Amino acid sequence: MLDLSERHLGDRSPTLAGHAGALLRLALPIAVSLLSQMAMGMTDSILLGGLGAGALAAGGLGAGLFFTFMVVLQGVQMAASVRISQTSGAGAGGAGAIVASALLLALLMSLPSIVLLDRVGWLLHRLGEPPVLAHDVASYLDVLRWAAPGALVGLGLMRAVLPSLGAAGLLLRTMPAMALLNGLLNYGLIHGLVLHGVRLLPRLGFVGSALATTLTLYLSGGILGLLLLRRPGMRAMLHPFRPRLTECLLLLRLGAPIALTIAAEVLLFQVAGLMAGLLGPAALAAHQIALNVASTTFMLPLALSQATNVRVGYWTGAGRPREARRSGLVAIGLGVLVMGVLSALLLALPQTIAHAYLDPAQPANAPALRIVVTLLGIVALFQIADGVQAVALGALRGLGDTAVPMVIATACYWLIGYPLCRLAAFRFGLGVPGLWGGLGCTLGCVAVVASLRFMHRTRLGAPAVEVAA
């Protein structure tokens, strides 16, 4: 297992390089897991696109709604990472109760998810969407909604607890293979698979993509769980594996604000997409490309954020606030470094990236391409802010501080960000570049306030955040 505790250091403090190395060892497998998940979505879109624009639109919208919902609920699972890391730092047991309680919550949250996703078709009809699109999206979600338990366990719970249990390497070994399997299953279930005259997989059309994703999610959770239990000493560490009501309530107290913070950010970007749609097809296309690029680069600070959650949580539980502070600051510094490199790449290669999405030989793409190049420059400018806000929020979660950051982030997103986006895009006539400028300023606001909050909570003599049961 990874040496999470660093007890081999005795009473000595880790060097800054030691903090950085531990963070990167945890962050790399998480980043691979996140990028594998994105690869699954891209593969689904490519294969659905082969069936036509209607299948791509319905499948893309259905999958987008499903995974957006899951990402928000997975925020609750992040609390399990905080709890395990802090109890590990304190030298206490109880990991089995924490994981069992988080698993119970994941299964309980999946039930209303299945019911709510069943009403999406009705909602699209009420919103005036084309009947064919509403019907196809509902058909897609009729299958995919049953993947909710798999998504909350296989993607949410496992990605949260494996790093804190010292088993992050399982993500590195498993998730790329699952992304490949997802692509093969998608192709086979969309088009059917016949070998030597024997039909191995039925031809289900675009609904086959939903079934393939569902199977992949369940397999991911099952394989990761089995591999975890096979690790030496892990069964003993997780014994007794029983949920506790007090632990469930504590996970909800810590995790619900995390989920609401994610929801506030996701909703702002969804609303930004609706505002971009009001600016015309070229603006909307450019917005979607910029969003895809920004979402991809964000996977790196998001992975670093989750690793920071674990490391700061460990030192907080160990009662060593100085090391919690140093670990958090090193993580923020790494976030600046990583996102600075990505920012430079975006500034250097905006046309190359834009041409990867839109063919410059097509005259009809010229307006969107001009906007995309401008947007990528704006995205490049706020990369560092995006990285810092993600890592700083992860550091605060490691302290067990989730409620106040939720208020901070929500206020920045909706009391500052939303009005700023509207003013820049419409009142000042800056269009979609103004919209993205507003988003960038919002992320900068969250980055500054969250970082100051972390500095305040970890200053010398500050009271520790008490989360132990």
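The values are calculated or read from the model by the stated rules, or taken from the named source; none is laboratory data. Because the structure is predicted, anything quoted here is derived from the model rather than measured. All Cβ positions, even for glycine, are placed from backbone atoms using ideal geometry, and neighbour counts span all protein chains on display. Just so you know, the surface numbers come from the protein's heavy atoms only, side chains and all, with ligands and any DNA or RNA stripped out. Shrake-Rupley method; radii C 1.70, N 1.55, O 1.52, S 1.80 Å.
Things to note:
- Cα pair distances of the stretch 320-469 binned at 10 Å [whole percent]: 11, 31, 30, 18, 8, 2, 0
- Entry for the stretch 182-286 at q = 0.09, 0.19 Å⁻¹: log10 I(q)/I(0) = -0.56, -1.01, Debye formula applied to identical alpha-carbon scatterers, no solvent contribution.
- Just so you know, the Cα atoms of the stretch 70-150 work out to an Rg and Dmax of 17.9, 58 Å.
- The smallest convex shape that holds all Cα atoms of the chain, its convex hull, gives 152 Å³ per residue.
- Any cysteine of the chain lacking a neighbouring Cys Cβ under 4.7 Å - listed by number: Cys248, Cys421, Cys441
- Segment Val373-Arg320, length gained on full extension (0.36 nm per residue, minus Cα span): 14.4 nm
- Pairwise FRET efficiency - Leu16 versus Val115, Cβ, R0 = 51 Å, nearest 0.05: 0.55
- Between Ile46 and Leu337, the simple spin-label model (points 7 angstrom out along Cα→Cβ) gives 3.3 nm.
- A viscosity of 1.306 mPa s and a temperature of 10 °C, combined with the Kirkwood radius over Cα pairs in Stokes-Einstein, give a translational diffusion coefficient for the stretch 128-203 of 103 µm²/s.
- What the stretch 295-388 shows is 40 Å² of accessible area per residue, with the surface traced by a 1.4 Å probe over protein heavy atoms.
- At the listed q of 0.25 Å⁻¹, the Debye profile of the stretch 170-214, built from one uniform point per Cα, gives log10 I(q)/I(0) equal to -0.79.
- Helix-only arithmetic for the chain: the sum of -39500 (n - 2.57) across DSSP H runs with n ≥ 4, divided by the residue total, places the mean residue ellipticity at 222 nm at -25500 deg cm²/dmol.
- Amide H contacts of Leu201 (H built 1.01 Å from N, under 5 Å, at least 5 apart or other chain): Leu193
- Equivalent ellipsoid of the stretch 251-327: semi-axes from √(5λ) of the C-alpha gyration tensor, largest first, are 36, 15, 8 Å.
- Accessible area per residue, Å², the stretch 141-253 with all protein chains present, probe 1.4 Å: 46
- Computed over the stretch 285-343, Kirkwood Rh from alpha-carbon pairs, angstrom: 12.7
- The stretch 61-109 - Debye-derived log10 I(q)/I(0), Cα point model, q = 0.17, 0.29 Å⁻¹: -0.57, -1.02
- Computed from backbone phi, the HN-Hα couplings of the stretch 91-99 come to x, 9, x, x, 4, x, 5, 5, 5 Hz, rounded to whole numbers (Karplus: 6.51 cos²θ - 1.76 cosθ + 1.60, θ = phi - 60°; Gly and Pro given as x).
- Carbon plus sulfur fraction of accessible area for the chain, probe 1.4 Å, in percent: 70
- Radius of gyration and Dmax over the Cα atoms of the stretch 359-409, both given in Å: 18.2, 53
- Applying 0.36 nm per residue to the separation of Val404 and Leu347 and subtracting their alpha-carbon distance, the gain on full extension is 17.0 nm.
- Student exercise, the chain dipole from Lys, Arg, Asp, Glu Cβ charges, in Debye to nearest 20: 980
- When the convex hull of its Cα atoms is viewed from all sides, the stretch 257-377 shows a mean projected area of 8.6 nm².
- Between the beta carbons of Phe426 and Arg203, assuming R0 = 45 Å, the FRET efficiency works out to 0.45 to the nearest 0.05.
- The alpha carbons of the stretch 387-430 occupy a box of 42, 20, 6 Å along the principal axes, longest dimension given first.
- Largest to smallest principal axis extent of the C-alpha atoms in the stretch 84-224, angstrom: 57, 47, 18
- Model label points for Gln288 and Ala411, set 7 angstrom from Cα along the Cα-to-Cβ axis, are 3.7 nm apart.
- Arg230-Val132 FRET efficiency (beta carbon distance; Förster radius 45 Å; 0.05 resolution): 0.40
- Accessible area per residue (1.4 Å probe, heavy atoms of protein chains only) ranks Trp414, Trp315, Trp146 as Trp146, Trp414, Trp315, with the largest value leading.
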